[in-house]
Every structure is written in structure tokens, then in C-alpha cells.
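A.B. asks: Here's a structure for you.
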Amino acid sequence: MSEVKIYDTTLRDGAQTEGISYSLNDKMRIAEQLDSIGIHYIEGGFPSNTKDRELFKALKKKPLKNSCLVAFGATRYPHKKAGSDANIKCLLDTDTRVITLFGKSWDLHLRDVLKTSLDENLRMISDSIAYIKSKKREVVYDAEHFFDAFKANASYAVQTLKAAQDAGASVLVLCDTNGGTLTTQLLEIIKKVKAQVSVPLGIHTHNDCNLAVANSIVAVQEGCVQVQGTFNGYGERCGNADLVSVIAIIKTKLGIDCISDKYLKELTKTAHFISVVSNMQQLPYLPFAGRSAFAH
């Protein structure tokens with residue numbers, strides 16, 4: 001593998017951290033800093049949310065120079081048409097080149113939460129992606145709760161990926177949304193999925209078992225070409241994969257390109273900058289970017 005794409009979701013997943021409440025100006029400053037170090041993708045959030053919609057408007061007037069801005073949202077509602085779905089309209093109105101759609105993988109959620117059929121969910125995924133593709137946008141598909149879904153019903157979980165693949169998704173991102181998958185389990189599931197799909201895979205891990213970085217790294221070693229995460233590991237509950245550690249390990253330990261040598265040196269500065277904007281204490285013992293990381 002020659003390169004891994006870094007996908008930052010600090011402005012969306014990171015914004016769900018307890019104690020963080022970003023203003024529009026905060027989000028602009030973080031986006032500009034991430035752009036300055038060449039992060040491949042910056043997720044701006046839900047354009048159906050007023051504050052996030054203002055961010056997309058602001059970044060239209062002052063576009064990013066290096067990074068690709070991404071809008072994030074769900075597949076269409078059950079038994080609705082993608083073309084008349086308000087959420088999908090908001091996504092398209094951002095005019096971003098790339099849109100990330102998340103959809104249901106776990107049959108439990110379809111039965112007990114959405115109260116819809118497994119087949120309707122496949123149509124929701126397919127219709128939503130195909131409609132957005134018809135508007136000349138690239139679609140990244142986030143398979144929500146994928147690893148738990150695979151453990152519960154592997155056949156159906158893979159069917160959801162194939163629906164996204166056949167509709168035109170460019171990357172299928174496997175999400176450990178609850179952060180409870182052991183590294184050995186995650187590795188075996190990725191191997192099984194790779195054998196059944198042809199579209200490149202990505203990885204999105206949460207840190208509830210303190211395995212988010214490790215799980216991201218083994219996913220890359222197994223061939224995932226996109227890694228999603230946040231700076232300083234911000235995120236709901238116990239956080240997401242810390243992109244500082246992920247980037248440093250991919251670049252220096254695996255020898256895979258994911259950021260330029262020039263900007264690798266800017267990771268610590270960026271981590272500290274984001275902690276200041278977030279009004280969060282920068283922990284001294286964080287790997288790579290913490291004050292104590294190289295102390296003796």
C-alpha cells in the first residue's frame with residue numbers, strides 16, 4: 001500500500017465530547033488548521049444542523065486550500081424517496097464534492113429502533129447513494145455499528161455493504177461505533193469482509209475499550225485505505241481514534257504515506273492548538289504530542 005487517506009471528524013464526532021461546545025468561529029479555526037497540514041478529508045458535520053450549515057456556508061466563501069470538505073448525514077428515511085428527503089437535500093445544498101452517508105448495518109436497530117424491514121434498509125442505502133451519485137458527488141459510506149452487526153448477523157451486515165458498493169460508494173467504512181471490538185476480532189472480520197466486496201475499505205473506531213488506535217492500525221495493515229478519527233481522540237463517551245497517534249504510527253512505524261514529512265512535524269502544534277480552541281486541557285502523557293511523551 002502506497003498511501004492511506006486521513007479523514008478527520010473532530011468537527012462532528014469530536015464536537016460530541018463532554019465539555020466541548022464549538023462556536024462557528026471555533027470550527028472555522030480548527031478547519032483552517034487541519035487544512036494547513038494537509039489532512040485529506042475534513043468532515044464539517046450535519047448540514048441539517050443550523051450551526052453546521054453556517055460552517056458550510058462560511059467555507060464556501062473561504063474555501064479550504066488543501067483538504068476536501070465533507071458533508072455528513074444519514075440515508076433516506078424508510079419508505080420515502082431519496083429525492084424528497086430533507087436530510088439528503090441539505091447534504092446536496094452544501095455543494096461539497098464528497099458526501100459521507102451513514103446507514104444501518106445491525107438488524108437489531110432495524111427491528112427495534114427504525115421498526116422497518118431488512119430489505120427496506122437495503123433500499124434506503126442503495127437509493128440514497130445512487131441519488132447522490134446522480135448529482136455528480138462522491139459518496140463515502142459509513143457502515144454504522146458494523147462490527148457488532150457482523151457478530152450478530154454476518155450475512156446481512158455484508159449485504160448492506162454490497163448495497164452501498166453496487167450503488168456507487170467509493171469507500172466502505174467499517175465502524176466500531178460502540179468501541180467494544182477486540183483487535184483480534186476486528187482483524188478477522190475485516191479479512192472476511194475483504195473477500196466479499198470489491199470497493200476499498202476504511203475504518204472508524206471508538207475508544208471504549210482503549211483499542212481505537214490499535215484497531216485503526218491493524219485495519220490499515222489489513223488493507224484499509226482510509227482512517228477516520230479525531231485530534232486528541234475527542235469524541236462521545238471515551239472518544240475516537242486519536243489521529244495524532246494514528247498518523248505518527250502509519251508514517252513512522254509502517255512507512256506508509258499519509259502526511260508529508262513537513263507536516264508530520266506540525267502534529268504536536270496542531271494537537272495543542274485544537275485543545276486550546278476546544279477549551280480542553282492538553283494531557284501531558286498523550287503519546288507523541290504530550291509534554292511528557294519524550295521525557296526521561
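The values are calculated or read from the model by the stated rules, or taken from the named source; none is laboratory data. Just so we're clear, the structure is a prediction, and the values are computed from it rather than from any experiment. Cβ sites come from the backbone with ideal geometry, for glycine too, and all protein chains shown count toward neighbours. Note: areas computed on protein heavy atoms with side chains; ligands, DNA, RNA excluded. Shrake-Rupley method; radii C 1.70, N 1.55, O 1.52, S 1.80 Å.
A.B. asks: Of (1) modelled with pLDDT of 95 or more; (2) farther than 22 Å from GLU266 by Cβ, THR50 satisfies all except one. Which?
C.D. replies: Unmet for THR50, out of (1) modelled with pLDDT of 95 or more; (2) farther than 22 Å from GLU266 by Cβ: (1).
A.B. asks: Still on this structure, please answer the following. Quick one: ILE42 ticks every box in (1) in contact (Cβ under 8 Å) with a residue 12 or more places away in the chain; (2) within 25 Å of LEU161 (Cα to Cα); (3) in a loop (DSSP other than H, G, I, E, B) bar one, so which box is it?
C.D. replies: It fails just one condition, (3).
A.B. asks: Now for a separate question. Quick check: is even one residue across region 189-208 of a type in the set (S, T, N, Q) and over 22 Å from ASN121 (Cα atoms)? First the steps, then the outcome.
C.D. replies: Taking region 189-208 first, the residues of a type in the set (S, T, N, Q) are 196, 198, 205, 207.
Among the residues that remain, those that are also over 22 Å from ASN121 (Cα atoms) are: 205, 207.
Yes, some residue in region 189-208 is of a type in the set (S, T, N, Q) and over 22 Å from ASN121 (Cα atoms).
A.B. asks: Look at region 137-169 and say how many of its residues are in contact with a strand residue (DSSP E or B) (Cβ under 9 Å, 6 or more places away or on another chain), touching a residue at least 40 places away in the same chain (Cβ under 8 Å) and open to solvent by 10 Å² or more (accessible area, probe 1.4 Å).
C.D. replies: 8
A.B. asks: Also, quick follow-up: Based on what the data block shows, is ASP257 within 27 Å of SER21 (Cβ to Cβ) and modelled with pLDDT of 95 or more?
C.D. replies: Working: within 27 Å of SER21 (Cβ to Cβ): no; modelled with pLDDT of 95 or more: yes.
So ASP257 does not fit the description; no.
A.B. asks: Here's another thing I want to ask about it. Can you name the residue in region 225-265 that is charged (D, E, K, R) and assigned to a strand (DSSP E or B) and, of all such residues, is most open to solvent (accessible area, probe 1.4 Å)?
C.D. replies: ASP257
A.B. asks: Tell me which residues, restricted to region 74-85, are among the small types (Gly, Ala, Ser) and open to solvent by less than 70 Å² (accessible area, probe 1.4 Å). Step through it out loud before you land on a result.
C.D. replies: Taking region 74-85 and keeping what is among the small types (Gly, Ala, Ser), we get 74, 82-84.
Within region 74-85, ALA74, ALA82, GLY83 meet the criteria.
A.B. asks: Considering each residue of region 190-213, count those that are of a type outside the set (Val, Ile, Thr) and more than 22 Å from GLN16 (Cβ to Cβ), and give that number.
C.D. replies: Going residue by residue through region 190-213, those that are of a type outside the set (Val, Ile, Thr) are 191-192, 194-196, 198, 200-202, 204, 206-212.
Checking which are more than 22 Å from GLN16 (Cβ to Cβ) leaves us with 191-192, 194-196, 198, 200-201.
Residues meeting the conditions: 8.
A.B. asks: Step by step: first the residues of region 53-105, then only those that are in contact (Cβ under 8 Å) with a residue 40 or more places away in the chain and acidic (Asp, Glu), then the one that is farthest from ILE39 (Cα to Cα). Which residue is that?
C.D. replies: ASP85
A.B. asks: Now a separate question. Please state which of the following conditions ARG12 fails to meet, knowing it meets all the rest: (1) over 25 Å from ILE217 (Cα atoms); (2) within 17 Å of the chain's Cα centre (by Cα); (3) not in a strand (DSSP E or B).
C.D. replies: Going through (1) over 25 Å from ILE217 (Cα atoms); (2) within 17 Å of the chain's Cα centre (by Cα); (3) not in a strand (DSSP E or B) one by one, ARG12 breaks only (1).
A.B. asks: For residues in region 170-213 being within 29 Å of LYS136 (Cα to Cα) and part of a helix (DSSP H, G or I), which is most open to solvent (accessible area, probe 1.4 Å)?
C.D. replies: LYS194
A.B. asks: In the list SER23, SER2, which residue meets the criterion of being small (Gly, Ala, Ser), surrounded by fewer than 20 Cβ atoms within 10 Å (Cβ to Cβ) and out of contact with any strand residue (DSSP E or B) (no Cβ under 7 Å at 6 or more places or on another chain)?
C.D. replies: SER23
Rundown of residues vs (1) assigned to a loop (DSSP other than H, G, I, E, B); (2) open to solvent by less than 80 Å² (accessible area, probe 1.4 Å); (3) of a type in the set (Lys, Arg); (4) under 23 Å from THR10 (Cβ atoms), yes/no style:
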{"position": "PHE72", "(1), (2), (3), (4)": "no, yes, no, yes"}
{"position": "ILE88", "(1), (2), (3), (4)": "no, yes, no, no"}
{"position": "ILE99", "(1), (2), (3), (4)": "no, yes, no, yes"}
{"position": "LEU110", "(1), (2), (3), (4)": "no, yes, no, no"}
{"position": "THR116", "(1), (2), (3), (4)": "yes, yes, no, no"}
{"position": "ASN121", "(1), (2), (3), (4)": "no, yes, no, no"}
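A.B. asks: How many of the residues making up region 215-224 are open to solvent by 10 Å² or more (accessible area, probe 1.4 Å) and assigned to a loop (DSSP other than H, G, I, E, B)? I'd like the intermediate steps shown before the answer.
C.D. replies: Filtering region 215-224 for residues open to solvent by 10 Å² or more (accessible area, probe 1.4 Å) gives 217-218, 221-223.
Now restrict to residues that are assigned to a loop (DSSP other than H, G, I, E, B): 222-223.
Going through region 215-224 one residue at a time, the tally reaches 2.
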